[in-house]
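The values are calculated or read from the model by the stated rules, or taken from the named source; none is laboratory data. Please read all numbers here as calculations on a predicted model, not as lab measurements. A quick note on method: Cβ atoms are made from the backbone with ideal geometry, for glycine too, and the neighbour counts reach across all protein chains shown. Just the protein is used for accessible areas: all its heavy atoms, side chains included, with ligands, DNA and RNA removed. Shrake-Rupley method; radii C 1.70, N 1.55, O 1.52, S 1.80 Å.
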Amino acid sequence: MSTATNEPEVVVSERVKGERRLGLWLTAPSFLMMILVTAYPLGYAVVLSLYNYRLTDPGGREFVGLNNYWVILRDAVWWNDFMTTLVITVVTVAIELVVGFIFAYVMLRIIRGRGPLRTAILIPYGIVTVVSAFIWRYAFALDSGFVNQWFGLTDFNWFGDRWSALFVICLSEIWKTTPFISLLLLAGLVQVPEDMQEAAKVDGATAWQRLVKVTLPNMKAAIMVALLFRTLDAWRIFDNPFVMTRGANNTETISFLAYRQNVTLVNLGMGSAISVLLFLSVVAIAWVFVKGFKTDLSQVRGD
Amino acid sequence: MKTSRWWTVAGLVIVAYSLFPLVWMLSLSMKPPSDIVSGEPQFLPTTWTFDNFTEVFSQSLFTRALINSIGIALIATLFAVVVAMFAAYAIARLDFRGKRLLLSLALGIAMFPQAALVGPLFNMWRGLGIYDTWLGLIIPYLTFALPLSIWTMSAFFRQIPWEMEQAAQVDGATAWQAFRKVIVPLAAPGVFTTAILTFFFCWNDFLFAISLTSTDAARTVPAALAFFQGASQFESPVPYIMAAAVVVTIPVVILVLAFQRRIVAGLTSGAVKG
C-alpha cells in the first residue's frame with residue numbers, strides 16, 4: 001500500500017477517467033432536477049422579494065429594495081406565526097423524542113408479537129397527514145367528536161381558543177410522526193453493544209444509570225439526526241393547522257403564512273420575502289444543529 | 001420469563017395507540033349524516049351504513065381526485081426511482097468527484113422548506129402553462145422524493161456483493177446474463193422498497209396539491225378533501241370526508257401489511273446508517 005501512495009499521481013488512467021465520467025453522467029439527472037426545481041425558484045423568490053408585486057395589479061410592480069422584509073419583521077402577524085411555529089416545534093419534538101424512545105425500546109425488547117407491532121406502528125407513519133388531521137379534528141369537534149362526551153366537557157369548543165386548538169394540532173402531529181422517530185431511534189438502539197449493558201449491570205448500575213450513562217451516549221448520533229429531521233419537519237408544519245383551523249385564533253404557522261400571501265392573496269413580492277425568511281430560518285436551525293450541537297451528518301449523507 | 005410478557009403488554013398498548021384513530025375513522029365513515037348534527041355525538045354509529053362510500057364514489061370531485069392521486073403518485077414514483085437508481089449505483093460503485101456534493105445537495109433538499117417554493121413555482125408554472133396539470137405536480141414530487149430515494153437505494157446497493165457479477169462471468173455467463181441473473185435479483189428488493197417509501201411521500205403531499213392546482217384536472221385526494229361537501233347543504237359532510245379518507249388509507253394499509261419488514265429496513269438503513 002505504502003509504495004502505491006508514494007507514487008506521484010501525474011497520469012490519471014483511462015479507467016479512472018472513465019469511471020469519473022460515468023459517475024457524473026449517472027448523477028447528472030439528479031443534480032439537474034434538484035437544482036432546477038429548488039435553487040432556481042428560490043433565486044427567483046429572492047428577486048421577487050425586492051419588488052412590490054401583486055398579481056391583481058401587475059402594472060403597479062415596482063422595485064422597493066428590502067422594504068418588504070422591513071415591513072414583515074415589524075409586523076405582529078409574522079412574530080405571532082413565528083411563536084406558534086416555535087411552540088408547535090418545541091412541544092411536538094420534545095414529546096415525540098421521549099415517547100419515540102419508549103416505543104423503540106419496546107420494539108427492541110418485545111419477543112412475542114414483534115412483527116404485528118412493527119406493522120401497526122407503520123400505519124400512522126404511512127397515513128396521509130391530511131387524513132390524520134381530519135380524524136383528530138372530528139374527534140374533538142362539537143358536532144361529531146366523542147372526546148367531550150367521554151371526558152365530560154359537554155360543549156367545550158376546542159377550536160375556539162388558541163392553546164386548545166394548538167393542543168389538538170400537536171396531538172395529530174405527534175400521533176403521526178412518533179412512529180418515524182421511534183424507528184430512527186430503534187436503528188440507533190440496536191447498535192448499542194449488549195455487553196456494555198451487562199458490564200454496567202455487573203458493576204451495580206441501576207436501570208436509570210445504565211440508560212443515562214451507557215445507552216443514550218452510545219446512540220447520540222442517531223438521536224441528534226432524528227432530532228434534526230423532526231425539528232425541521234415540525235418547523236415546516238402546514239397540513240394540520242390548515243385542515244383544523246385554517247389559521248384562525250392565532251394558529252397560523254410560517255409555512256401557512258407563506259402559502260396565504262403567495263397563493264391566496266397572490267401578493268408575490270411580500271410572499272416571496274416570507275419564503276426567503278422561511279428558508280433562512282431553516283438554514284439557521286440546521287446550522288445550530290451541525291455547528292452548535294455537533295450533529296454528525298456524514299452517516300446520513302452516506303460518506 | 002415474566003418480563004417478556006410485560007413487553008408484550010407494552011406492545012399491545014402501542015398497537016392500540018396506532019390503530020385507535022383508524023377505528024374512529026371507520027366508525028365515522030359508516031355513520032348516517034344525521035348522527036353528526038345530534039347534540040351528544042357518540043363514538044359508534046346509531047346505524048351502520050355503507051351509503052357514504054356509495055355517495056363519495058358518485059361524486060366526480062372525488063373520483064377524479066382519486067384518479068389524479070393514483071396517476072401522479074405512480075408516475076412521480078417511477079421517475080424518481082429510475083433517476084435515483086442511476087445516482088445510487090454511481091454512489092455505491094464508482095469513485096468520482098461530485099459524489100459528496102450530490103449527497104450534500106440531497107441533504108439540503110430533504111431539509112428544504114417546501115412552502116418557500118409555493119410562490120415562485122405558482123408563478124413559473126403559470127408562465128410555462130403547466131399550472132393545474134399532472135406534470136406541474138409530478139415535477140416537485142419527483143424532486144423532493146429524490147433525496148429519500150437516493151439514500152435508501154444507495155444504502156441497499158452498498159450491501160450487494162458486486163463481485164458475484166465477475167464470478168458469474170468467470171463461470172461462463174455473458175456480461176448481460178451476469179447482470180440480469182445475478183445483479184438484478186439482488187438489487188430488486190432495494191429498488192422495490194425505495195419505490196414504496198417514495199410512493200408514500202407522493203401520496204401524502206398536500207401543500208403542492210392545493211397550491212399548484214385549481215380544478216379537478218390535477219387536484220389530488222388530500223386537496224379535494226378540503227373542498228368536499230355533503231350530499232346536500234343541509235347534511236354534514238363529515239361522514240363523506242371520512243369515507244374518502246378510508247379509501248385513500250386502504251393502499252397505505254395494504255402496503256404496510258404486505259411489506260412491513262422491507263419498509264422498516266428501508267427507513268432505518270436509509271435514514272441513519274447510510
(request) Under 14 Å from the Cβ of A:Gln261, count the other residues' Cβ atoms, weight Lys and Arg +1, Asp and Glu -1, and hand me the total. (result) -1
(request) Apply the Kirkwood formula to region B:134-263: the hydrodynamic radius equals the inverse of the mean of 1/r over all pairs of different alpha-carbon atoms; give it in Å with one decimal. (result) 17.9
(request) Jot down the per residue volume, in cubic angstrom and as a whole number, of the convex hull over the alpha-carbon atoms of region A:40-116. (result) 182
(message) Taking 32 Å as the cut-off for C-alpha to C-alpha distance, list the pairs among B:Lys99/B:Lys181; A:Lys201/A:Lys291; A:Lys213/B:Lys2; A:Lys213/A:Lys291 that go past it.
(response) A:Lys201/A:Lys291
(message) Could you check the spin-label model distance between B:Ala188 and A:Leu265? Points 7 Å from the Cα along Cα→Cβ, value in nm.
(response) 5.5
(request) Please give the total accessible area that chains B and A bury against each other, computed with a 1.4 Å probe and expressed in Å² to the nearest 100. (result) 8700
(message) Per residue, how much accessible surface does the protein assembly as shown expose to a 1.4 Å probe? Answer in Å², no decimals.
(response) 45
(request) Mind running the shape call on region B:1-121? Use the C-alpha gyration tensor, a ≥ b ≥ c as the square roots of the eigenvalues: rounded below 1.5 for a/c, prolate if a/b tops b/c, oblate otherwise. (result) oblate
(request) Would you calculate the separation in nanometres between label points at A:Arg114 and A:Met196, each defined as 7 Å from the Cα along the Cα-to-beta-carbon direction? (result) 2.1
(request) Would you work out the charge dipole size for chain A about its Cα centre, treating the Cβ of every Lys and Arg as +1 and the Cβ of every Asp and Glu as -1, and quote it to the nearest 20 debye? (result) 300
(message) Let me make sure I get this right: for region A:8-138, a, b and c are the square roots of the gyration tensor eigenvalues over alpha carbons, sorted descending. Under 1.5 in a/c it's rounded, otherwise prolate if a/b > b/c, else oblate. Which is it?
(response) oblate
(message) Quick check: pseudo-label points 7 Å beyond the Cα along Cα→Cβ at B:Ala258 and A:Lys220, how many nm apart are they?
(response) 4.4
(request) Can you tell me the equivalent ellipsoid semi-axes for the protein assembly as shown? Use √(5λ) from the Cα gyration tensor, largest first, whole Å. (result) 39, 32, 25
(request) Return the loop-located trypsin sites (Lys or Arg not before Pro) in region A:9-111 (DSSP other than H, G, I, E, B) with at most 10 other Cβ atoms within 10 Å of their own Cβ; answer none if there are none. (result) A:Arg74
(message) What is the percent carbon and sulfur in the accessible area of the protein assembly as shown, measuring with a 1.4 Å probe over the protein chains and ignoring ligands?
(response) 66
(message) Using helices alone, I'd like the mean residue ellipticity at 222 nm for chain B: each DSSP H run of four-plus residues gives -39500 (n - 2.57), total over residue count, nearest 500.
(response) -24000 deg cm²/dmol
(request) Compute the distribution of all C-alpha to C-alpha distances in chain A, in bins of 10 Å from 0, and list the percent of pairs in each, rounded to whole numbers. (result) 5, 19, 24, 23, 17, 9, 3, 1, 0
(message) Which residues belonging to region A:37-78 lose at least 50 Å² of 1.4 Å-probe accessible area when the assembly is complete, relative to their chain isolated?
(response) A:Val37, A:Thr38, A:Pro41, A:Tyr44
(message) Quick check: convex hull of the Cα atoms in chain B, volume per residue, rounded to a whole Å³?
(response) 203
(message) For the full complex of protein chains and a 1.4 angstrom probe, list B:Ile210, A:Ile102 by accessible area with the highest value first.
(response) A:Ile102, B:Ile210
(request) Per DSSP H run of n ≥ 4, the term is -39500 (n - 2.57); total these for chain A, divide by its residue number, and report the mean residue ellipticity at 222 nm rounded to 500 deg cm²/dmol. (result) -20500 deg cm²/dmol
(message) Averaged across B:87-96, how many Cβ atoms of other chains sit within 10 Å of each residue's Cβ atom?
(response) 6
(message) Using only the alpha-carbon atoms, how far is helix B:115-128 inclined from the longest principal axis of chain B? Give it as 0 to 90 degrees, nearest 10.
(response) 90
(request) Give me the distance between the Cα centres of region A:168-199 and region B:4-41, rounded to whole Å. (result) 23
